[in-house]
Amino acid sequence: MRTTSLISFLALGCLTTTAVVAQKTAVQSIEEYRAMLADGNPSELFEAKGEDLWKQKRGPKNASLEACDLGKGPGVYKGAFVELPRYFADTGRVQDMESRLLTCMQNLQGFNADEIAKTAFGKGEQVNVTALATWLSSESKGMKFNLPQAHPQEKISYEVGRRLFFQRAGPHDFSCASCHGQDNTRIRLQDLPNLTKNPGDGIGFAAWPAYRVSNGQMWGMQQRLNDCYRQQRFPYPGFGSDVTIALGVYLGVNSAGSKSIAPALKR
Amino acid sequence: MADPMRIRAQVAGDKATVRVLMAHEMESGQRKDAAGKLVPAWHIAEVTATHNGKTVLTAEWGPAVSKNPFLQFVVKGAKAGDKIAVTWKDNKGDTRTDEATAS
């Protein structure tokens, strides 16, 4: 009973081999690279951590998050992700997964939500928020996006998100639509989805949270949007701010009927 | 304390394919922090896998292995219900062992 073969996909090793094979477009090679990595998507590590955090008694109130209401009633998390962002009567605002988690962490566990919102990504409690969002998104994997639009605030949020998407500003006179407003475009080797319409299953809004292989980080939608603004040379939006949530509503409603593949794997 | 590993052991015929995801920073020791100081190397140095308590794989790893590494190997003669355990030890002496049942 000895080990006969040892294949260690040590993440970077696969790149060079695919590049050597000729007659393959860069996009195909990248797809192949992703497929090889998908078998061991490290997002699973964050899922496991998030599930533990959900059940664990933590914070000043020493409570778990199991009574957290993500829009489908207290403690119901299956399928909650594909219906967010939505309007919550208790806070009186539209919230996405991450901002709703902050509310629960404050109300149930006694954490200071404002303090967590101000913490840099990848530091302190932010790490836990990302892990929780990763696990909760995995509990809706394969389900179709179905964001509610019945409440007036949800409709307003969509319209605000749409206008923000097309708002050109900053030193480069950029808008989200500059990169994501037309079909079949790329930035370097990355395909740019057209987010003004439904981009399809597992693309755009339906692919976050995701693990980024290149920097070994797990990113939620809030960080994804924050980075979009960074690339446009805009000032950073606040974590869980009305701006990033409205953009989430716009992207999520546009993706209605598309399947979520989150937590996904990115380059 | 280190985060848990994810281990899956899938039996096909007379062998089992084991897939392991480990949670580790795997700092190479080549990078500098914001203050320009070298970030000290911090990586898994030793990996051991056992099949029902018997060692079937040992590996010495260095700083070139990626963050949150993925390891896949095949164990001959493993049957459903067998225990596959994996242990790693890093260069700071921290260690973690997780076990999975082959299915």
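The numbers here are math on the coordinates, done by the rules we state, and not lab data. As the structure is a computational prediction, the values presented were derived from the model and not from experiment. Please note: Cβ atoms are built from the backbone with ideal geometry, for glycine as well, and neighbour counts cover all protein chains shown.
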Query raised in the report: Taking each residue of A:83-91 in turn, how many C-beta atoms of other protein chains fall within 10 Å of its C-beta, and what is the average?
Result: 0
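What's the FRET efficiency of A:Ser214 with B:Leu38 using the Cβ-Cβ distance as r and R₀ = 22 Å, to the nearest 0.05? Write down the numbers at each step before the final one.
On the way: r = 22 Å, r/R0 = 0.99.
Plugging the Cβ-Cβ distance into 1/(1 + (r/R0)^6) gives 0.50.
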Query - Rg/Rg_globular for the stretch A:116-178, with Rg_globular taken as 2.2 N^0.38 Å and Rg from C-alpha atoms - result: 1.54
Requested in this report: Enumerate the whole-percent occupancy of each 10 Å bin, from 0 to the last occupied one, for all C-alpha pair distances of the stretch A:59-176.
Outcome: 13, 37, 35, 13, 2
Query raised in the report: Under a point spin-label approximation (7 Å from Cα along Cα-to-Cβ), what is the B:Arg31-B:Thr55 distance to one decimal in nm?
Result: 3.2 nm
Report summary line: With a Förster distance of 51 angstrom and the Cβ-Cβ distance between A:Asp173 and A:Lys72, calculated FRET efficiency to the nearest 0.05 equals 0.75
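Extension gain A:Ala26-A:Arg230, at 0.36 nm per residue separation less the Cα-Cα distance, in nm?
In short, 70.8 nm is gained.
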Query - Averaged over B:61-68, number of beta-carbon atoms from partner chains that fall within 10 Å - result: 5
Requested in this report: With θ set to phi - 60°, apply the Karplus curve 6.51 cos²θ - 1.76 cosθ + 1.60 along the stretch B:72-85 and write out the HN-Hα couplings as whole Hz, x wherever there is a Gly or Pro.
Outcome: 10, 8, 10, 10, 6, x, 7, 10, 4, x, 5, 9, 10, 10
Query raised in the report: What value, in deg cm²/dmol to 500, does the helix sum -39500 (n - 2.57) over DSSP H runs of n ≥ 4 give at 222 nm once divided by the residues of chain A?
Result: -12500 deg cm²/dmol
Query raised in the report: Efficiency by 1/(1 + (r/R0)^6): what FRET value for A:Lys57 and B:Ala64, r their Cβ-Cβ distance, R0 = 30 Å, to the nearest 0.05?
Result: 0.15
Query raised in the report: How about the stretch B:29-100: which chymotrypsin sites (Phe, Trp or Tyr not before Pro) there are in a DSSP loop, with at most 12 other Cβ atoms within 10 Å of their Cβ?
Result: none
Query raised in the report: How long are the three semi-axes of the equivalent ellipsoid for the stretch A:43-266, computed from the Cα gyration tensor as the root of 5 times each eigenvalue, in whole Å, largest first?
Result: 27, 19, 18
**Report entry** Whole-angstrom gap from the stretch B:47-67 to the stretch A:192-267, using each part's C-alpha centre
**Finding:** 36 Å
Query - Cα-based Rg / Dmax (Å) for chain B - result: 15.4, 55
